[in-house]
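Report on the structure given below.
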Amino acid sequence: PAPMKPPDGGWGWIVLLGCFVITGFSYAFPKAVSVYFKELMKDFHVGYSDTAWISSIMLAMLYGTGPVCSIMVNQFGCRPVMLIGGLLASSGMILASFTTNIIELYLTAGVLTGLGMALNFQPSLIMLGTYFDKRRPLANGLAAAGSPVFLSSLSPLGQVLLEKFGWRGGFLIMGGLLLNCCTCGAVMRPLDMGMKRKMEKAQDKYEAKEMLPIGGKSEEGISTTDGTKKAKKAKKKPKKGKKLLDFSIFSNRGFIIYTISKFILVLGLFVPPILLVNYAKDTGVPDTEAAFLLSIIGFIDIFARPACGMVAGLKWVRPHVAYLFSFAMLFNGLTDICSARASNYTGLVIFCVFFGISYGMVGALQFEVLMAIVGSQKFSSAIGLVLLIEAFAVLIGPPSAGR
């Protein structure tokens with residue numbers, strides 16, 4: 001049967017909610033963990049760059065395992081992959097609470113949790129693309145808003161947990177929170193299930209018709225039984241194997257330009273959220289107020305993403321959404337350059353406001369632009385390959401900035 005048309009609503013709103021939560025954890029978690037870095041530096045006697053590696057490895061796993069994730073989704077479907085991912089992400093943080101050195105933290109909180117979040121993040125975006133078409137820019141904007149909502153809540157929560165239970169207790173509770181990813185994976189119902197039900201109903205009708213002992217109808221029955229026999233024979237023919245990863249997208253010039261620009265952008269994109277709290281603490285800002293800076297970025301971002309998604313969905317903007325994305329990237333880079341002037345807390349707050357707007361615009365548009373370039377059929381392969389290439393930028397960006 002032909003693939004079903006995206007319903008642009010219905011169960012899609014539940015899928016959107018699941019995607020919202022998973023995007024929140026995937027993007028906000030590596031930054032929110034930075035609240036614990038000062039304590040980790042004291043306990044393990046390490047520097048800025050060493051602790052920045054935890055967030056970098058987490059993000060690199062989120063990006064770098066893209067092709068593996070694409071292959072698993074194409075092979076097993078979104079829901080089973082997401083359920084396994086939720087369990088891995090949670091177990092990584094729980095094991096991290098028992099670590100005795102920084103290398104063990106890299107392996108548990110970095111590698112294991114990062115892999116778990118990757119197995120949740122990519123399938124949730126693929127599911128969102130199958131449920132929405134006309135409203136897709138808005139859906140992407142709303143799902144992307146999960147990142148700032150979670151960032152503005154996880155950062156103060158992390159500070160509270162750190163003060164009450166220490167970093168080990170905080171990691172343990174964070175691990176429990178990550179089990180919510182399994183719930184989100186469970187609601188990702190494949191869209192073709194509705195098609196199967198329709199086919200079953202049609203089959204029941206045909207069987208009822210065949211059993212009617214009426215002359216005219218019996219001839220219909222014979223002709224239809226012949227048809228079904230032919231159909232069954234056709235079904236028995238071996239199916240062509242699915243492409244696990246479609247490399248033909250590299251022949252698309254737009255895709256190559258998009259990949260190069262995203263690589264350059266990602267080198268610096270995550271540096272401010274990861275290093276900002278420690279930088280503020282070093283300039284004499286109290287711990288709670290320093291953690292609040294991430295909440296400011298998150299709060300501004302909450303409104304920036306859906307607003308940008310709505311603008312991108314306008315009739316006269318949607319055909320030119322790539323230009324809007326280019327403007328967002330340029331704006332983000334300029335806010336980073338201007339941040340060098342922020343010498344006190346007020347200056348840092350002003351920087352956070354403008355960074356939140358530009359960061360939200362980039363977050364809302366990045367996957368909408370990619371889907372517009374490659375189309376929904378090749379999106380699962382495209383996102384996997386893009387994330388792999390970006391992983392190298394994510395891995396070297398924050399630690400080199402720490403140096």
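Around residue 152, with a cut-off of 12 angstrom between Cβ atoms, what is the net charge of the other residues, counting Lys and Arg +1 and Asp and Glu -1?
0
Taking all protein chains in place and a 1.4 Å probe, what share, in percent, of the accessible surface of segment 55-121 do carbon and sulfur account for?
The value for segment 55-121 is 80 percent carbon and sulfur by accessible area.
Per residue, what accessible area does segment 312-353 have, given a 1.4 Å probe and all protein chains present, in Å²?
On the way: 2720 Å² over 42 residues.
So segment 312-353 comes to 65 Å² accessible per residue, rounded to a whole number.
Between residue 310 and residue 39, what is 0.36 nm times their sequence separation minus the Cα-Cα distance? Round to one decimal in nm. Provide the component values of the computation, followed by the final result.
Working: separation 271, 0.36 × 271 = 97.56 nm, distance 4.12 nm.
Contour length minus Cα-Cα distance gives 93.4 nm.
So, R0 is 30 Å and r is the distance between the beta-carbons of residue 257 and residue 349; what FRET efficiency does that work out to, to 0.05? List each step's numbers first, then the result.
Values: r = 35 Å, r/R0 = 1.18.
Rounded to the nearest 0.05, the efficiency is 0.25.
When only DSSP loop residues count, what trypsin sites (Lys or Arg not before Pro) in segment 120-184 have their Cβ near at most 14 other Cβ atoms within 10 Å?
Numbers: sites: 134, 135, 164, 168; in loops: 134, 135.
Qualifying residues, ordered by number: 134.
Give me the one-decimal nm value for the distance between modelled label points at residue 318 and residue 68, 7 Å along each residue's Cα-to-Cβ direction.
Once both label points are built, they end up 3.7 nm from each other.
First compute the accessible area of segment 301-389 with a 1.4 Å probe, then give the percent of it belonging to carbon and sulfur atoms. Write down the numbers at each step before the final one.
On the way: 2940 of 4090 Å².
Ligands and nucleic acids excluded, carbon and sulfur give 72 percent.
Based on alpha-carbon atoms only, what is the radius of gyration of segment 21-149 relative to the globular estimate 2.2 N^0.38 Å? Walk me through the intermediate numbers first.
Values: Rg = 15.7 Å, N = 129, 2.2 N^0.38 = 13.9 Å.
Compactness ratio reported: 1.13.
Could you pull the Cα extents of segment 281-402 along its three principal axes, largest to smallest, in whole Å?
Dimensions of segment 281-402 along the principal axes of its Cα atoms: 51, 33, 23 Å.
Sort 373-379, 354-360, 152-158 for me by packing, meaning the mean count of neighbouring Cβ atoms within 10 Å per residue, highest on top.
Working: 373-379: 17.7, 354-360: 24.4, 152-158: 21.1.
Packing proxy ranking, top to bottom: 354-360, 152-158, 373-379.
Can you tell me how much longer the chain between residue 331 and residue 103 gets when fully stretched, taken as 0.36 nm per residue apart minus their C-alpha distance, in nm with one decimal?
Working: separation 228, 0.36 × 228 = 82.08 nm, distance 3.67 nm.
This chain segment gains 78.4 nm when fully extended.
On full extension of the chain, what length is gained from residue 250 through residue 282, given 0.36 nm per residue of separation minus the C-alpha to C-alpha distance?
Values: separation 32, 0.36 × 32 = 11.52 nm, distance 4.50 nm.
That works out to 7.0 nm of additional length.
The values are calculated or read from the model by the stated rules, or taken from the named source; none is laboratory data. Everything numeric in this text was worked out from a predicted model, so none of it was measured. Here Cβ is always computed from backbone atoms with ideal geometry, including for glycine, and neighbour counts include all displayed protein chains. Please note that ligands, DNA and RNA were not included when accessible areas were found on the heavy atoms of the full protein model with its side chains. Shrake-Rupley method; radii C 1.70, N 1.55, O 1.52, S 1.80 Å.
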